[in-house]
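The values are calculated or read from the model by the stated rules, or taken from the named source; none is laboratory data. Source: prediction; values computed, not measured. Heads up, the Cβs are rebuilt from the backbone with ideal geometry, glycines too, and the neighbour counts pull from every protein chain shown.
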Amino acid sequence: MQTLSKCPLEELKQSEKDVDFIFIHSPFCGTCHLARKMLETLEETLKGTDFRELNAAIHPDFMSYYEVESVPCLLIVKKGMILEKIYAFQSVPYLYEKVNQYQ
């Protein structure tokens, strides 16, 4: 997983990817650690799909701009516009289906 830069809003708006998958987390969140393992499994399964990560505590402006309500959150963004927010990381197969919708 690649960490977003110091200016994540600008980075996403200028992204050359069709769709960006951003994992928003807190390092002290146990559920976030489980969600990370699920996404790492997906990264290994879906070669060529890159997930980016963002520490919610360090980027309050980002959290406010995208109205992220809680962590963990998988934010699916296209050229800076939200396509979907996923808060319930139900299972790896569930996330696989969600990610494949945008590939």
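Give me the residue from segment 1-40 that is of a type in the set (Gly, Ala, Ser) and assigned to a loop (DSSP other than H, G, I, E, B) and, out of that set, nearest to Phe89 (Cα to Cα). If we take residues in segment 1-40 being of a type in the set (Gly, Ala, Ser) and assigned to a loop (DSSP other than H, G, I, E, B), then Ser26 is nearest to Phe89 (Cα to Cα).
Pairing each residue of segment 6-18 that is free of Cβ contacts under 8 Å to residues at least 60 places away in the same chain with any residue that is of a type outside the set (A, V, I, L, M, F, W, C) and not in a loop (DSSP other than H, G, I, E, B), provided the two are 6+ apart or on different chains, yields no C-beta distance under 7 Å. When Tyr94 is tested against (1) at pLDDT 95 or above; (2) surrounded by fewer than 17 Cβ atoms within 10 Å (Cβ to Cβ); (3) part of a strand (DSSP E or B), only condition (3) is not met.
Give Lys17, Lys37, Lys13 a once-over and let me know the one that is in contact with a Gly (Cβ under 7 Å, 6 or more places away or on another chain) and exposed (fewer than 14 other Cβ atoms within 10 Å of the Cβ). Lys13 is the lone residue from the list that is in contact with a Gly (Cβ under 7 Å, 6 or more places away or on another chain) and exposed (fewer than 14 other Cβ atoms within 10 Å of the Cβ).
Residue count for segment 41-78 satisfying the condition of being surrounded by fewer than 14 Cβ atoms within 10 Å (Cβ to Cβ) and either among the charged types (D, E, K, R) or assigned to a strand (DSSP E or B) (or both): 6. Return yes or no: is Val99 closer than 20 Å to Glu10 by Cβ, among the aliphatic types (A, V, I, L, M) and touching a Leu at 6+ places or on another chain (Cβ under 7 Å)? In short, no.
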